[in-house]
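The values are calculated or read from the model by the stated rules, or taken from the named source; none is laboratory data. Remember, it's a predicted structure, so these values are computed and weren't measured experimentally. As a convention, Cβ positions derive from the backbone with ideal geometry for all residues, glycine included, and neighbour counts pool all protein chains shown.
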Amino acid sequence: MMPLAGLTVVSLEQAVAAPFATRQLADLGARVIKIERPGAGDFARRYDEAVHGESSYFVWLNRSKESLTLDIKHPDGRRVLEELLRDADVLVQNLGPGAADRLGLAAATLAEHHPRLVVCDITGFGADGPWAGRKAYDLLVQFETGLVSLTGTPDGVAKVGISVADIAAGMYAYSGILTALYTRATTGVAHPVSVSLFEALAEWMGQPAYYTAYGPGQPARVGAAHATIAPYGPYDTADGGTVLVAVQHDRDWALFCRAVLDRPELIDDPRFARSSARVAHRDELNVVVAARFATLDAAAAHELLDRAGIANARLNDVAAFLAHPVLAGRARWRDVDTPGGPVRALLPPAVLGGAEVRMDPVPAVGEHTERILADLGRTAEQIAALRDAGAI
């Protein structure tokens, strides 16, 4: 039996944050009923057509779910939603600012009729406060939290290359839902969960925030290097390759000087003897390290670093990541069906000993509508009438 088998999640979800949270639940066996707009469905379906005509975002986020098209503003559609909530364990929503309240779907309102329902609200800047009504997309939140000011080079900022604010919020929603379910199981009380993209990413900004508030100031933008640890970054090799070196503490620094740089006299050099000193003298340090790697080809550099026990990495592109020996060697790939054809998908990262995970298909828009309605007792004629009325 899968860990979350028997759990029913109803999700009024769109884009990335909420679908990411509910996919984690679906992976572990929860039944996730994804409510989509009649016709077009979740607008993330149309972000691109990269995966057999389907959106890469949607394929990533929506396997193992059931798609129900439903207009929850239509009286008949709202009745269907209420029937679903009677037997559901969790409701997740990341509708636009204020939409849940306007639809009568606020956690406090739902608690009056569904006291066992765990309600999870995902917002941009919080359900209350001065920015409650403000739209929030991932890149906007990267800007507002200051993340983008840390990312890039001295000549210009750069966004993070993935939807990091959405992913952060989705993970906190997932862990919050599991915590609320545990609390319900032990106390009988279903507490609501609320997560904002801004506050989720704000938590991830903790280290640079402390460094700025209590240390020497905001960490500099240093490209692919680490802003507050050195040498920790990429260096070019003689054959045009790139090797990433990570020297995280003084013991590694001593080892690096002896075994890689062949410069033991640098171990106690006051410019480099402590981590903070190496950061302060980063430019001088980089000249020394770069000169050494310029004498080695990439394969020799990695072999030398491995032999010395110094952490290092290759500069992979996405294609190289897809072919990574760790993913193949640990059998992390599975086949998942999509409306356009099968794709390879990675297993969830958390491995629960003895537990299976679910890797079921990505649904087409409204693929499960008729079956779900039939389970609720609707006849074929009634379902046809709902469709004619635009309720589904």
- Message: Please determine whether any residue of segment 318-329 is surrounded by 15 or more Cβ atoms within 10 Å (Cβ to Cβ), of a type outside the set (V, I, T) and at pLDDT 95 or above.
- Response: yes
- Task: Mind listing whichever residues of segment 44-63 are β-branched (V, I, T) and either part of a loop (DSSP other than H, G, I, E, B) or under 18 Å from the mean Cα position of the chain (by Cα) (or both)?
- Result: V59
- Matching residues, segment 305-324, being within 25 Å of F293 (Cα to Cα) and free of Cβ contacts under 8 Å to residues at least 12 places away in the same chain: D306, N316, D317, V318, A320, F321, H324
- Query: Would a scan of segment 22-33 turn up a residue that is of a type in the set (G, A, S), in a helix (DSSP H, G or I) and touching a strand residue (DSSP E or B) at 6+ places or on another chain (Cβ under 9 Å)?
  - Reply: yes
- Query: Name the pairs: first residue in segment 191-220 and of a type in the set (V, I, T), second residue in a strand (DSSP E or B), Cβ to Cβ under 8 Å, at least 6 apart or on different chains?
  - Reply: V193/V118; V193/V119; V193/C120; V193/D121; V195/C120; V195/D121; V195/I122; V195/T123
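Could you tell me whether segment 196-216 includes any residue that is of a type in the set (D, E, K, R), surrounded by fewer than 16 Cβ atoms within 10 Å (Cβ to Cβ) and under 28 Å from A313 (Cα atoms)? Give the steps one after another, and end with the answer.
Initial filter on segment 196-216 (of a type in the set (D, E, K, R)): 199, 203.
From what's left, surrounded by fewer than 16 Cβ atoms within 10 Å (Cβ to Cβ): 203.
Then drop every residue that is not under 28 Å from A313 (Cα atoms), which leaves 203.
Within segment 196-216, one or more residues are of a type in the set (D, E, K, R), surrounded by fewer than 16 Cβ atoms within 10 Å (Cβ to Cβ) and under 28 Å from A313 (Cα atoms).
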- Task: For G39, work out the one condition from (1) outside any strand (DSSP E or B); (2) in the same structural domain as L91 (by TED's automatic domain parsing); (3) closer than 20 Å to V193 by Cβ it doesn't fulfil.
- Result: (3)
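Looking only at residues that are touching a helix residue (DSSP H, G or I) at 6+ places or on another chain (Cβ under 6 Å) and not acidic (D, E) in segment 359-388, which one is surrounded by the fewest Cβ atoms within 10 Å (Cβ to Cβ)?
Per the criteria, the residue is L376.
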- Message: Based on this model, can you work out whether E66 counts as at pLDDT below 95 and either assigned to a strand (DSSP E or B) or farther than 30 Å from L347 by Cβ (or both)?
- Response: no
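Hey, any hits in segment 78-88 for a residue that's over 22 Å from D375 (Cβ atoms) and in contact (Cβ under 8 Å) with a residue 12 or more places away in the chain? Write out each step before concluding.
Going through segment 78-88, the residues over 22 Å from D375 (Cβ atoms) turn out to be none.
No; the residues of segment 78-88 include none that is over 22 Å from D375 (Cβ atoms) and in contact (Cβ under 8 Å) with a residue 12 or more places away in the chain.
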- Message: Tell me the residue from R221, R184, R263 that is charged (D, E, K, R) and farther than 30 Å from G126 by Cα, please.
- Response: R263
- Message: Residue pairs, Cβ under 9 Å, 6 or more apart or interchain, first in segment 374-388 and farther than 12 Å from L68 by Cβ, second among the small types (G, A, S) and surrounded by 15 or more Cβ atoms within 10 Å (Cβ to Cβ). List them.
- Response: A385/A391
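Kindly establish whether V243 is assigned by TED's automatic domain parsing to the domain that holds L304, in contact (Cβ under 8 Å) with a residue 24 or more places away in the chain and not in a helix (DSSP H, G or I).
Yes.
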